[in-house]
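The values are calculated or read from the model by the stated rules, or taken from the named source; none is laboratory data. Computed from a prediction, not measured in an experiment: that's the story for all the values here. Note that each Cβ is placed from the backbone with ideal geometry, even for glycine, and that neighbours are counted across all protein chains shown. When the accessible area is computed, the model is the full protein with side chains, heavy atoms only, and any ligands, DNA or RNA have been set aside. Shrake-Rupley method; radii C 1.70, N 1.55, O 1.52, S 1.80 Å.
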Amino acid sequence: MNRIHYLGESWKHLILILGSMIVILPFYVMVSFSLKSPGQIERNEGGFFGTENSMVDERCVKLREPDRNAIAAARDRFEGLDDTQIYRALLAEIETDCSMHPIVYNYSKAFSEAPLLRYLMNGVIVTVSIFVIQVIVALPCAYALAKLRFRGRGFVFGMVIFCLLIPVHAIALPLYIMLAKVGLTNTYAALIIPWTISVFGIFLMRQFFMTVPDDLIDAARMDGMSEFWIVWKVMLPTAIPALLAFAIFSVVAHWNDYFWPRIVVTGNRDLFTPPLGLREFKGDADGSFFGPMMATATIIVMPLIVAFLLAQRRFIEGITLSGMK
Amino acid sequence: MAPRSTGYWFTAPALTLMAIILLLPVLIAAGLSFTDYSLGNQSANWVGAENYEKIVSRSTYQKMFTASIIYVLVVVPVSVVLGLGAALLINSLSFGGDLYKTIFFLPVMAALLAMAIVWEFALHNSVGIVNEMFQAGCGTIIEWVFNWGWIPFVDGSQTWYGRNCASQEFPLWLRDRNYALATICFIGIWQAFGFNMVLYLAGLTSIPRELLQAAEMDGAKSAWERFRLVIWPMLGPTTVFVVTITSIRSFQVFDTIEALTQGGPSKSTYVMMYAIYEKAIQQNLMGIGAAITIVFLGFVLVITFMQRYLVERRVHYS
């Protein structure tokens, strides 16, 4: 019985393994290219890790190519050699100087060719600011909608529901015009402002607050706590699980976002977010830069992938949050 | 009891931001779509419905609608079916399911722009691994399987794989007008189906076991019968949601297009979001960009209302 059962299951594994191979293929290519030398990438050899232990950085050699003065200066070091031989000897020295392990080459180039560290920092600044402001705006509103009585509450909630229909990417153009009119394009503000209001966050937190018992709030009021502090000291702690899921949802979306930064940041590299930086890299890359570019891609993609692998359940919860309405 | 004004204080920031960031832009777009505004000009001329007429009549925009609609009509059904299929397979496994789930979800987490660039490398004609694998498969059992020649009445040498193997030439994918949109669709499906799978897995766990057992006792012996009579109807709400969100997202496809094809070759991948970007941001033709924005919002509204209608009808019946 059991054997038949496993036999019946093996065709499922076969299909799923084939599917997994296609899904993993680009990740495989990305990481593999970031480990190999340009030559091995070009010739498609070396397997996953590459087999060369050192490679020569052609650009580095070219930049330091010995000229007349260098040869003249090196004459006493190489006594008895003519100029061509000295040139060759110097070149050989430079080549050993410029050779390194392909991994070192790719990853150091990723950081030195473009200010990747700056891009990563920008990514962190933008995603964290967006999330913090979203919470500051959404939490009091969600609390008011769930627990306070006031005239117009129905109207506000209606607005929230209506605004859920509008994808921010779709109205990027008028938003861009508005920001341009007030002179805010090419600033951090432009990257952050359109996302400060998350109607989805308000909706989500309101649903969550509905389940918090009124007694908890009444007790806090009895203790003389103001409404402001009730939101931040009573409601916020109860909402941590929901907030965590929302944080994952928000951070993943904005770390990976390419469309909006592409529109409001033009040319000013200091404001580039990681995807913009990678795109720029692709724009002026030639063949020998496949390795460093893939190293950049790996560095950009890995933080979220690693976080996901460490806390899968939470991530799946967070990302599919929008499906749990 | 809290003072009544607290409610206003707490909702005022959110309400203000909603008005400025979400509602006002829609009105601005609607207004500008009737003008020939461009950034830097002090004023704009009222051109009536000219922009919309252009959208309807010019062949560029017809290609735009064709590309967008084909993209949505391919990516949505395929990624939903694959998501459902993967969920059903994974759910029926006795071991290993979690591993596949993790793998299929990876593309959802990765920055699409980065992965698009990686796909470009994988599909590259000289360093690309995809064409190399196709080539390596020629003349082996792989060709025999995938030229479908083993199916009766199919001539293996005339199928796609068979012909390409015979000529030793494989497509340039993103540079070929006949393949570019299909390739972009493929990347879209690759990225989206894991998300759908996870939603379906959640939907599957909410189907009560007793219901399946009852169906079995009532004569639904085969897996297909149980799927048709119990699982599929029970997954209805999930399906409605999955289809809606995938449609809205597919309409918004941009990253892959901008990084890989820029709408080409010969406008075959000129989707709406890219058209807005190219016309308005790059060429400073705000009027036409605004008109496309409004049409775009129209599509999104239609999809969402269809979802609401379907959801409500279901609630009514059950």
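Selection of region A:160-171 for residues being more than 7 Å from chain B (Cβ to nearest Cβ) and open to solvent by less than 10 Å² (accessible area, probe 1.4 Å) yields only A:Val160.
The C-beta contact set for region A:41-65 (first residue within 14 Å of chain B (Cβ to nearest Cβ), second residue among the hydrophobic types (A, V, I, L, M, F, W, C) and assigned to a loop (DSSP other than H, G, I, E, B), distance under 7 angstrom, 6+ apart or interchain) comprises A:Ile41/B:Val127; A:Glu42/B:Val127; A:Asn44/B:Val127. Consider B:Leu88 against the criteria (1) surrounded by 17 or more Cβ atoms within 10 Å (Cβ to Cβ); (2) under 16 Å from B:Trp190 (Cβ atoms): it satisfies all of them except one. Which criterion is unmet? In the conditions (1) surrounded by 17 or more Cβ atoms within 10 Å (Cβ to Cβ); (2) under 16 Å from B:Trp190 (Cβ atoms), B:Leu88 misses (2) alone. Restricting B:Val145, B:Val127 to those that are at pLDDT below 80, surrounded by fewer than 21 Cβ atoms within 10 Å (Cβ to Cβ) and within 8 Å of another protein chain (Cβ to nearest Cβ) reduces the list to B:Val127.
If you go through region B:10-19 one residue at a time, how many are among the hydrophobic types (A, V, I, L, M, F, W, C) and more than 8 Å from every other protein chain (Cβ to nearest Cβ)?
We begin by selecting, within region B:10-19, every residue among the hydrophobic types (A, V, I, L, M, F, W, C); these are B:10, B:12, B:14-15, B:17-19.
Within this subset, residues satisfying the condition of being more than 8 Å from every other protein chain (Cβ to nearest Cβ) are B:12, B:19.
Looking only at that region, the number is 2.
May I ask you to say which residue of B:Thr11, B:Thr60, B:Thr16, B:Thr6 is among the polar types (S, T, N, Q), out of contact with any helix residue (DSSP H, G or I) (no Cβ under 6 Å at 6 or more places or on another chain) and open to solvent by less than 50 Å² (accessible area, probe 1.4 Å)? Steps first, please.
Values: B:Thr11 fails: out of contact with any helix residue (DSSP H, G or I) (no Cβ under 6 Å at 6 or more places or on another chain); B:Thr16 fails: open to solvent by less than 50 Å² (accessible area, probe 1.4 Å); B:Thr6 fails: out of contact with any helix residue (DSSP H, G or I) (no Cβ under 6 Å at 6 or more places or on another chain).
Only one candidate passes the filter, namely B:Thr60.
Being modelled with pLDDT of 90 or more, under 24 Å from A:Tyr119 (Cα atoms) and of a type in the set (Gly, Ala, Ser) is a description that applies to A:Ala190.
The set of residues from region A:119-142 being facing another protein chain (nearest Cβ under 8 Å) and either touching a strand residue (DSSP E or B) at 6+ places or on another chain (Cβ under 7 Å) or open to solvent by less than 10 Å² (accessible area, probe 1.4 Å) (or both) comprises A:Ala138, A:Cys141. For the residues A:Ala180, A:Ala189, A:Ala245, A:Ala253, the requirement of being away from chain B (no Cβ under 11 Å), free of Cβ contacts under 8 Å to residues at least 24 places away in the same chain and under 23 Å from A:Val126 (Cα atoms) singles out A:Ala189.
So for region B:278-294 (the condition being at pLDDT 90 or above, open to solvent by 10 Å² or more (accessible area, probe 1.4 Å) and under 30 Å from B:Thr238 (Cα atoms)), does at least one residue qualify? Yes, some residue in region B:278-294 is at pLDDT 90 or above, open to solvent by 10 Å² or more (accessible area, probe 1.4 Å) and under 30 Å from B:Thr238 (Cα atoms). Scanning region A:275-296 for residues that are crowded, with 22+ Cβ neighbours inside 10 Å, closer than 27 Å to A:Tyr176 by Cβ and facing another protein chain (nearest Cβ under 7 Å) turns up at least one hit.
If the condition is being at pLDDT 85 or above and over 28 Å from the mean Cα position of the chain (by Cα), then region A:19-60 contributes no residue at all.
When A:Gly277 is tested against (1) small (Gly, Ala, Ser); (2) on the phi < 0 side of the Ramachandran plot; (3) over 19 Å from the mean Cα position of the chain (by Cα), just one condition goes unmet, and that condition is (3).
For first residues located in region A:103-125 and touching a residue at least 40 places away in the same chain (Cβ under 8 Å), partners that are outside any helix (DSSP H, G or I) and lie 6+ apart or on another chain with Cβ distances below 7 Å form the pairs A:Tyr105/A:Met55; A:Tyr105/A:Asp57; A:Tyr119/A:Phe272; A:Tyr119/A:Thr273; A:Asn122/A:Phe272; A:Asn122/A:Thr273; A:Gly123/A:Thr273. Of the helices (runs of 4 or more DSSP H) lying entirely inside region B:196-262, the ones with 1 or more residues being within 11 Å of another protein chain (Cβ to nearest Cβ) and closer than 19 Å to B:Gln307 by Cβ are found at B:236-251. A count restricted to region A:82-118 and to residues that are open to solvent by less than 70 Å² (accessible area, probe 1.4 Å) and either closer than 28 Å to A:Leu35 by Cβ or outside any helix (DSSP H, G or I) (or both) stands at 18.
Among the candidates A:Phe150, A:Phe157, which residue alone is at the interface with chain B (Cβ under 7 Å from one of its Cβ atoms) and either among the basic types (Lys, Arg) or touching a Lys or Arg at 6+ places or on another chain (Cβ under 8 Å) (or both)?
Numbers: A:Phe157 fails: at the interface with chain B (Cβ under 7 Å from one of its Cβ atoms).
The match here is A:Phe150.
Which of the residues belonging to region B:168-184 are assigned to a helix (DSSP H, G or I) and touching a Ser or Thr at 6+ places or on another chain (Cβ under 9 Å)? Break it down into steps so the answer makes sense when it comes.
Just the residues of region B:168-184 that are assigned to a helix (DSSP H, G or I), to begin with: B:173-175, B:180-184.
Selection gives B:Trp173, B:Leu174, B:Arg175, B:Ala180, B:Leu181, B:Thr183, B:Ile184.
Confirm whether A:Leu145 is over 20 Å from A:Ser250 (Cα atoms), crowded, with 21+ Cβ neighbours inside 10 Å and in contact (Cβ under 8 Å) with a residue 40 or more places away in the chain. Break it down into steps so the answer makes sense when it comes.
On the way: over 20 Å from A:Ser250 (Cα atoms): yes; crowded, with 21+ Cβ neighbours inside 10 Å: yes; in contact (Cβ under 8 Å) with a residue 40 or more places away in the chain: yes.
Yes.
Each residue in region B:20-45 was checked for being part of a helix (DSSP H, G or I), touching a residue at least 12 places away in the same chain (Cβ under 8 Å) and facing chain A (nearest Cβ under 8 Å), and 4 pass.
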